[in-house]
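Peer 1: Got a structure for you, questions after.
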């Protein structure tokens, strides 16, 4: 579903290269974890997949279902089924969460040539998804992410994911700032979306998230390259021994 080929990318308008010849394949039905020390390029990779314009791809390609997405803007990528859950979700004053969800869902339906959801059906879907994440519906009447706790922001991101049903879910350090109860709820929401026609890319520093979202594959990112791949046991080894050994092997 996702194939990254010899990707090189830098901060736009600078010579600062962050991604340096990265190769990665994530198949449909797979949960893949990206781990690595600070500054290795993990979040940058997620932003590039989503199409943020503050990074410039200088070489290589990103294929989604066999087609390059480099010329697609972020909205086109989202419509095609690519979803990014941010480490620090943005607050949007003046935009009610419910209104944001309705517009997002109906824009997606419009792009697929479907009729917009009528209000009763929209509310039914939101209530069911919110209940599965232990979210208070009153929270959804507030401006998007404004005044939300860290856990509430992450639940709101997973709620969007459940409602939009993307095919490629990229989670950028979703466990950041979560207590154990919120972590379990968010992980349950992600696990409920696992399916043979969906891929999930989980970016994390720590094994603890992978206790709840068990990956099929683990990839270690260092200095903008994947330097080692393995199964879930690789994450356990990194938790126990750190990155020094893996980095040493790749040197």
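FYI, it's all coordinate maths here, none of it is from the lab. Keep in mind that what you see is a predicted model, and the values were worked out from it rather than measured. Here the Cβ is made from the backbone with ideal geometry for all residues, glycine too, and neighbour counts use every protein chain on show.
Peer 1: Need the full-extension length gain, residue 109 to residue 73, defined as separation in residues times 0.36 nm minus the C-alpha distance. One decimal, nm.
Peer 2: Value of the extension gain: 11.2 nm.
Peer 1: Take every DSSP beta bridge with both residues inside the chain and express the antiparallel ones as a percent of the total, to the nearest 5.
Peer 2: 60 percent
Peer 1: Tell me the relative contact order for the chain as a rounded percent, counting alpha carbon contacts under 8 Å between residues six or more apart.
Peer 2: 29 percent
Peer 1: Against the longest principal axis of the chain, how steep is helix 150-164, in degrees 0 to 90 to the nearest 10, with axes from Cα atoms?
Peer 2: Tilt of helix 150-164: around 80 degrees.
Peer 1: Can you tell me the length gained on complete extension of the stretch residue 208 to residue 193, counting 0.36 nm per residue apart and subtracting the Cα distance?
Peer 2: 3.4 nm
Peer 1: Here's a follow-up. Measure nothing but the geometry: give the 0 to 90° angle between the long axis through the Cα atoms of 180-191 and the longest principal axis through the Cα atoms of the chain, rounded to 10°.
Peer 2: 90 degrees
Peer 1: Between residue 27 and residue 125, how high is the FRET efficiency from 1/(1 + (r/R0)^6) when r is the Cβ-Cβ distance and R₀ = 22 Å? Nearest 0.05.
Peer 2: 0.15
Peer 1: Can you work out the PRE-style zone for residue 99? Point 7 Å along Cα to Cβ, and I want the residues of segment 106-148 with backbone N under 13 Å.
Peer 2: 141-144, by backbone N distance to the label point.
Peer 1: While we're on this one: Work out, step by step, the length gained on full extension between residue 250 and residue 229: first 0.36 nm times the residue separation, then minus their alpha carbon distance; give nm to one decimal.
Peer 2: 6.4 nm
Peer 1: For segment 102-180 and segment 79-96, what is the centre-to-centre distance using only Cα atoms, to the nearest Å?
Peer 2: Rounded to whole Å, the Cα centres lie 9 Å apart.
Peer 1: How tilted is helix 232-241 with respect to the longest principal axis of the chain? Cα atoms for both, answer in degrees (0 to 90, nearest 10).
Peer 2: Result, in degrees: 60.
Peer 1: Answer with a single label: of (i) 53, 44, 38; (ii) 52, 39, 36; (iii) 58, 39, 34, which was calculated as Cα extents along the principal axes in Å from the structure in view?
Peer 2: (iii)
Peer 1: Sticking with this structure for a sec: Treat each spin label as a single point 7 Å out from the Cα along the C-beta direction, and report the residue 61 to residue 149 distance in nm.
Peer 2: 4.7 nm
Peer 1: I've got another one for you. Anyone know which of 42, 102, 240 comes out most mobile in the 10 Å Cα GNM of the chain?
Peer 2: 240
Peer 1: Go ahead and estimate [θ] at 222 nm for the chain from helices alone: -39,500 (n - 2.57) per DSSP H run with n ≥ 4, summed, over the residue count, rounded to 500.
Peer 2: About -11000 deg cm²/dmol.
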